Each structure stands twice: as C-alpha cells, then as structure tokens.
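Colleague: This structure is in structure tokens; I'll ask about it shortly.
The values are calculated or read from the model by the stated rules, or taken from the named source; none is laboratory data. Keep in mind that this is a model prediction, so the values were computed, not measured. Glycine gets a Cβ as well: all are built from the backbone with ideal geometry, and neighbour counts include every protein chain shown.
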C-alpha cells in the first residue's frame with residue numbers, strides 16, 4: 001500500500017476525527033472522506049484498497065473511524081450513536097476543507113454510507129457528492145424495514161455501488177428506492193459480490209472500477 005499518515009483532528013472535541021490520510025499530489029486535489037460499516041473499522045481491506053486506488057488517481061482520501069468504533073474495538077454501533085457518528089463525519093469534512101482547496105466528497109460502506117447519506121440529507125451543500133458502498137437498504141430478509149426515510153430530502157449527487165448478491169437490497173429494490181431521491185443518482189452493480197463487495201475474484205479490478213465510475217459520476 002502507498003504511504004499514508006495517521007490523522008487526528010480535535011477541532012470538534014465532541015466528535016474527534018481519527019484515521020489515516022492518503023494525500024494526493026497538489027493542494028487543490030479533490031478529497032474523499034471514507035468510513036466503515038457496523039462490524040468493521042477504517043482498516044477494512046475494502047477501504048484500504050479504495051483509498052490506494054483513489055489516491056493513485058489524484059484524490060486525497062481520509063479513511064476514518066466513527067466514534068462508536070473509537071469507543072470500543074469490536075461490536076456494532078451502540079444505541080443512540082448515529083447522531084454522534086454523523087457529527088464526526090461533519091467534523092471530518094471540515095478537517096478536509098482545511099487540508100484541500102478541492103472538492104470534498106463523502107462516502108462509506110454499509111452503515112457508514114447510510115450515516116453519510118443521512119448527514120448529507122440534513123445538510124445540503126455540505127459535500128459535492130456521495131459514494132455509498134453496499135447501502136443497507138433493509139435488514140436481510142426484512143424488506144418491509146426500508147431505510148429510506150431521508151431519501152426524499154437527499155439533494156447531494158450519490159453513486160451507489162452494490163453487489164448483485166447483497167441480502168441488504170436487490171437491484172430492483174435499489175432502483176425503486178433511488179427514485180425517491182431528488183438529487184442525481186447512479187447505481188453500479190457488481191456481479192458475484194455480496195454485502196462485503198470485494199471478493200477474491202474481483203479484488204484486483206474492483207477498486208479501479210469504483211474509482212473510474214465515481215470520477216466519471218463526479219464530473220458529470
């Protein structure tokens with residue numbers, strides 16, 4: 001993996017930013033804040049691979065741990081942690097605005113992406129775009145519990161990337177849900193992939209495909 005540096009920012013003491021910064025060349029480079037799912041942390045292989053690929057393409061990446069993961073190394077988010085997790089993402093975006101003069105994007109895998117989208121829905125204009133990896137549309141086998149309440153308020157352009165075998169939402173379900181979003185959206189389906197998205201078979205090509213799709217979407 002290319003060089004990266006440990007990153008800490010305590011400008012918002014109630015929502016400290018902790019993670020690793022992959023700094024692209026140029027003070028005006030675009031930047032992506034990227035976070036993890038409910039059972040992982042910012043060291044997740046998917047996040048590392050994407051950070052590497054984005055940085056090589058000229059995008060600075062901050063992959064960061066949400067507060068619930070800073071509080072304990074294992075286990076799912078605690079009840080009531082969503083608001084604090086969103087505030088930490090807001091703080092991470094603010095930190096990257098101080099680091100770069102370029103555009104700022106926000107994204108995450110599963111739970112992290114959901115929190116990113118909820119924050120963007122409540123704060124239009126906070127970031128220039130969203131990268132939502134394996135968005136957890138509903139719990140597996142519980143399609144009646146849709147997590148789309150905030151979708152009609154989401155104005156920020158959002159690229160969704162999901163595996164065709166993801167139990168948290170099928171292609172048809174995602175396509176229907178995206179119609180609720182007034183902002184510009186696009187859906188990229190990954191053949192043979194489940195919720196983790198990256199597999200032994202697609203490990204070599206997936207990061208590049210996601211980067212290419214997102215850069216094209218971001219410039220659209």
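Colleague: Specify which of the listed residues (108, 113, 129) is out of contact with any helix residue (DSSP H, G or I) (no Cβ under 7 Å at 6 or more places or on another chain), at pLDDT 95 or above and surrounded by 15 or more Cβ atoms within 10 Å (Cβ to Cβ).
Modeller: 113
Colleague: Considering only segment 32-49, state which residues are buried (at least 24 other Cβ atoms within 10 Å of the Cβ) and either part of a loop (DSSP other than H, G, I, E, B) or more than 12 Å from the chain's Cα centre (by Cα) (or both).
Modeller: Across segment 32-49, the qualifying residues are 36, 37.
Colleague: Considering only residues that are closer than 16 Å to residue 110 by Cβ and in contact with a helix residue (DSSP H, G or I) (Cβ under 8 Å, 6 or more places away or on another chain), which ones fall in segment 50-74?
Modeller: Within segment 50-74, 50, 63, 64, 66, 68 meet the criteria.
Colleague: Let me ask something else. Quick one: which of 95, 120, 91 is farther than 20 Å from residue 25 by Cα, assigned to a helix (DSSP H, G or I), touching a strand residue (DSSP E or B) at 6+ places or on another chain (Cβ under 8 Å) and in contact (Cβ under 8 Å) with a residue 60 or more places away in the chain?
Modeller: After applying the criteria, what remains is 91.
Colleague: Among 205, 175, 144, 186, which is the only one that is in contact with a helix residue (DSSP H, G or I) (Cβ under 7 Å, 6 or more places away or on another chain), over 20 Å from residue 35 (Cβ atoms) and surrounded by fewer than 16 Cβ atoms within 10 Å (Cβ to Cβ)? So that I can check it myself, show each step before the final result.
Modeller: Values: 205 fails: in contact with a helix residue (DSSP H, G or I) (Cβ under 7 Å, 6 or more places away or on another chain); 175 fails: in contact with a helix residue (DSSP H, G or I) (Cβ under 7 Å, 6 or more places away or on another chain); 144 fails: in contact with a helix residue (DSSP H, G or I) (Cβ under 7 Å, 6 or more places away or on another chain).
None of the other options fit; the residue is 186.
Colleague: Identify, please: which residue in segment 4-25 is assigned to a loop (DSSP other than H, G, I, E, B) and closer than 24 Å to residue 209 by Cβ and is, among those, modelled with the lowest pLDDT?
Modeller: The qualifying residue modelled with the lowest pLDDT is 25.
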